[in-house]
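The values are calculated or read from the model by the stated rules, or taken from the named source; none is laboratory data. Keep in mind it's a predicted model, so treat the numbers as computed, not measured. Here Cβ is always computed from backbone atoms with ideal geometry, including for glycine, and neighbour counts include all displayed protein chains. These accessible areas exclude ligands, DNA and RNA; they are computed on the full protein's heavy atoms, side chains included. Shrake-Rupley method; radii C 1.70, N 1.55, O 1.52, S 1.80 Å.
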Amino acid sequence: MENNESKKRILSAIQPTGVLTLGNYVGALRNFVQLQKEDKYECFYMIADLHSITVKQEPKDLRNNSLDLLALFLASGLDGEKDPIFYQSHVPAHSQLGWVLDCFTYFGELSRMTQFKDKSSKHADNINAGLFTYPSLMAADILLYQADLVPIGKDQKQHLELTRDLATRFNHTYSDTFKVPEPYIPKVGAKIMSLQNPLQKMSKSDPNENSYILMLDPLDRIVNKIKRAVTDSDACVKRGEGKEGVENLMSIYSAMTGKTMDEIEVEFDGKGYGDFKMAVAESVVAVLGPIQEKYKDYIKNKDYLEKIYRSGAERAMYVANKTVSKVNRKVGFIRP
Ligand code: TYM
């Protein structure tokens, strides 16, 4: 197989479709940083700009959001000099392998993707082919790097399962070509819920701004949003039936402080929701405050950002092109 280095590989990505939510941070970005720090993996972290145009984008906003996201990656603690951070559109291999994998993905499989069903009902005026075939492109993103591990939130699990099926299908049709990747889904915080409706995922496309926390929200707004979060009339900080709102705040607190859910129940035993919400808010501010400060420095330093994404693309291309050549040869294309 392609992975000759002793280190295992990680690939993951986030779309530049607006400022990240606390859900993106807890479910994904925070784990990107932790896994990179473990130093056991070679980490490829990507800004999935090709994916983002499956939904209409204003070009100027897309450019700004793409640079913002790189600055946020760095501000959150990713080291772009140690491992590559790059834009998907800078590495043509993604589109190349994406096409080949399109031809190995069945209509029925794509039709079953819950994210496609969700997004096509939200954007009924623009159900384009890219929105439909997006999971094959995501599979290409991962398989190009022969990734062992893919850190994601729960909502991407179905796409990862399809990726594994496609890798296995291709390997059986030809011969061993792709590593079959494993998901890395955090135990706590894999699905942070809306603060206003804890039965729904926290998402920046929610029309109610109080339902989500953005990583760059002013700190006093974050505190207010948490104070207004929907809970229940029980006044008891515990998990359980009908207590999804409290459990969601507990997950956030757990992710921010490293405390377990059991420890949190003990800590707030006999205390009311006022105290609990204040503690959650302070824990979020303690994590996001310093990230926001670093973000302000990085976003001013366009030369540094450019240096990171250029060298990132070069390093990514080196690995990705090798996989594309191998795939093209196996499929039967004449060598260029
Ligand atoms: P995206 O950009 O929607 O989300 C980025 C990451 O954040 C996670 N996430 C959440 N985790 C917990 N709670 C939430 N409320 C929450 N909302 C989002 C997502 O699970 C994801 O891990 N298709 C991907 C991007 C992508 C990708 C890839 C990921 C493209 N190619 C290859 C992994 C590997 C997406 O749209 O994520």
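Listed here are the residues, each with its yes/no results for (1) in contact (Cβ under 8 Å) with a residue 24 or more places away in the chain; (2) of a type in the set (V, I, T); (3) within 13 Å of the ligand (Cβ to nearest atom).
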residue: G98; (1), (2), (3): yes, no, yes
residue: C103; (1), (2), (3): no, no, no
residue: E109; (1), (2), (3): yes, no, no
residue: F116; (1), (2), (3): no, no, yes
residue: L131; (1), (2), (3): yes, no, yes
residue: A139; (1), (2), (3): yes, no, yes
residue: L144; (1), (2), (3): yes, no, yes
residue: A147; (1), (2), (3): yes, no, yes
residue: V150; (1), (2), (3): yes, yes, yes
Kindly check whether there is at least one residue in the stretch 172-182 that is outside any loop (DSSP other than H, G, I, E, B) and away from the ligand (no atom under 13 Å from the Cβ). yes
I'd like the full set of residues that are of a type in the set (A, V, I, L, M, F, W, C), under 19 Å from H94 (Cα atoms) and open to solvent by 50 Å² or more (accessible area, probe 1.4 Å), limited to the stretch 280-330. M317
Of T17, T21, the only residue that is open to solvent by 30 Å² or more (accessible area, probe 1.4 Å), within 8 Å of the ligand (Cβ to nearest atom) and among the β-branched types (V, I, T) is T17
Is the stretch 162-171 home to any residue that is open to solvent by less than 10 Å² (accessible area, probe 1.4 Å), touching a strand residue (DSSP E or B) at 6+ places or on another chain (Cβ under 7 Å), closer than 17 Å to H94 by Cα and within 9 Å of the ligand (Cβ to nearest atom)? no
Quickly run through the stretch 48-90 and pick out the residues that are within 12 Å of the ligand (Cβ to nearest atom), under 19 Å from V319 (Cα atoms) and assigned to a loop (DSSP other than H, G, I, E, B). A48
Out of D234, D217, report the one residue that is out of contact with any strand residue (DSSP E or B) (no Cβ under 8 Å at 6 or more places or on another chain), open to solvent by 70 Å² or more (accessible area, probe 1.4 Å) and either at pLDDT 95 or above or farther than 21 Å from L29 by Cα (or both). D234
Kindly list the number of the only condition in (1) open to solvent by 20 Å² or more (accessible area, probe 1.4 Å); (2) in a loop (DSSP other than H, G, I, E, B) that fails for Q156. (2)
Which numbered condition M202 fails, given (1) within 13 Å of the ligand (Cβ to nearest atom); (2) out of contact with any Phe, Trp or Tyr (no Cβ under 6 Å at 6 or more places or on another chain): (2)
